[in-house]
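Data block below; observations after.
We did not get these values from a lab; they are worked out from the coordinates using the rules stated. All values derive from a computational prediction rather than experimental measurement. In this analysis, Cβ positions are derived from the backbone assuming ideal geometry, glycine residues included, and neighbour counts consider all displayed protein chains.
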Amino acid sequence: MPQNLCTCGSPLLVRYDLEQVAAGASRSDLARRPPDLWRYRELLPVLDPANVVGLGETMTPILALPEYGRRIGLPGLITKDESALPTGSFKARGAAVGVSKARELGIDRIALPTNGNAGAAWATYAARARIECLVVMPEDAPKLTRMECALAGARLFTVDGRIADAGRMVRQAVDKGWFDVSTLKEPYRIEGKKTMGLELVEQLGWRVPEVIVYPTGGGVGLIGIHKAIGELLALGWITGKMPRLVAVQAQGCAPIVKAFESGAETAEPWPPEQAHTIAFGINVGSALGDFLILRALRESGGTAIAVPDAQIAAEQARCAAVDGVLMCPEGAATLVAVLRLREQGWLAGDEEVLVLNTGSALKYESAAVVAEPLRLRQDERLPPSATEPAPGGRTRWGTTEVPG
Ligand SMILES: Cc1ncc(COP(=O)(O)O)c(C=O)c1O
């Protein structure tokens, strides 16, 4: 009988026999495998490869942000850009592993609340696995994620509330026999997200950056990266210490930051009527894994920081304009965090800092900085200023300039 939580109500985490893993696989074995998350199969819970549900979970690039980093006094700034994954966000990792394991366990109906991206990913992988999927999301979640759920044939509902309200709707389906795959209510989504951590270590040549900065909602990615690096250290595949982990939240919804600052071990739920941010994926007022997030931050010598929406939008635009990386608002929130932590001296100028861009900017119509182009009639000519050199070098022409 598939189980959701521990009998004490806490999340279940998968443990592997790491001695057996070390005896059966090595770093060089991995290097010969296809460049997708299944290359880490010994550290994943799917036992029979026949159960793997794949849509091309490619390894995502680590990109330098040279100009952005230079401008904020952090030349070692890099990003792992998750936008290339199926459905345009890192949620594909959790869904690929979660749906594969659901298939292995013979589960044929799954249900989840979502802020958009997870619903899109799980609906799509469920379609591939021919598993029924019921999704409930807040009405103001990014519209494109609705489209993805609908196209993938999910039973999609919106609710005029927050993700917690969607969670209550999902429980009605769970009472009718649907399997609950909400964040941390099944143990396998985190195993998929963990591959972000495995992958970045391998891509950096089996070493870790000094700091990893993560946009934190339910916190699964952060707990997953912490777990991944812990397993690699235990395996002896890397040496040294855990990077300092940083949880980034929006000022409009920052329960983890508040708890971190007050020294608490768990977080108080954020008042739903006050929860708001353009970084919709991190609009999570209450996280089941709050204590795991807080523990990971403290054990690693990390921190938590809340950032304002206006600056998220500004840094999203600046990064796109100076380095050509179009981050989703959640990803851009990590840029604001890094900027502020550098100003405060928490980050030193010579550190290697990796920020997670958890998804594609293209999924967020509402948050995009929509520049109003000059409209031309068919018989009109470009204005003379259009082709003149821009004063001060490369700027975005028109209504907005590249911010300094
Ligand atoms: C783009 C994006 N980034 C970050 C998050 C937060 O993820 P986590 O639950 O791992 O904290 C979400 C969750 O919806 C998301 O969609």
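The separation of segment 1-72 from segment 140-211, counted between C-alpha centres, amounts to 16 Å. Look at where the Cα atoms of segment 302-331 and of segment 263-291 average out, and the two centres are 20 Å apart.
Within segment 258-296, which GluC sites (Glu not before Pro) sit in a loop by DSSP and count at most 12 neighbouring Cβ atoms inside 10 Å?
265
Of the trypsin sites (Lys or Arg not before Pro) found in segment 189-231, the ones in coil according to DSSP and having at most 15 other Cβ atoms within 10 Å of their Cβ are 207.
The HN-Hα couplings worked out from phi for segment 73-83 by the Karplus form 6.51 cos²θ - 1.76 cosθ + 1.60 (θ = phi - 60°) are x, 9, x, x, 7, 10, 10, 9, 9, 8, 5 Hz, whole numbers, x standing for Gly and Pro.
Separation of the alpha carbons by more than 28 angstrom is noted, of 194/363; 91/227; 176/227; 176/258; 101/241, for 176/227; 176/258; 101/241.
In the chain the Cα-Cα distances spread across 10 Å bins starting at 0 as 5, 23, 33, 25, 10, 4, 1, 0 percent of all pairs. Relative contact order for segment 126-260: 18 percent, from Cα pairs under 8 Å spaced at least 6 residues apart, divided by residue count.
I'd like to know which of 256, 364, 322 lies farthest towards the positive end of the charge dipole of the chain, counting +1 on Cβ of Lys and Arg and -1 on Cβ of Asp and Glu. Highest projection toward the positive end goes to 364. In this Cβ point-charge picture (+1 for Lys and Arg, -1 for Asp and Glu), segment 90-180 has a dipole of about 240 debye about its Cα centre.
Where nothing but the Cβ of Lys and Arg (+1) and of Asp and Glu (-1) is charged, how large is the charge dipole of the chain around its Cα centre, in debye to the nearest 20?
So the magnitude is around 480 debye.
Only DSSP H runs of four or more residues enter the estimate; each adds -39500 (n - 2.57), and after division by the residues of the chain the mean residue ellipticity at 222 nm equals -11000 deg cm²/dmol.
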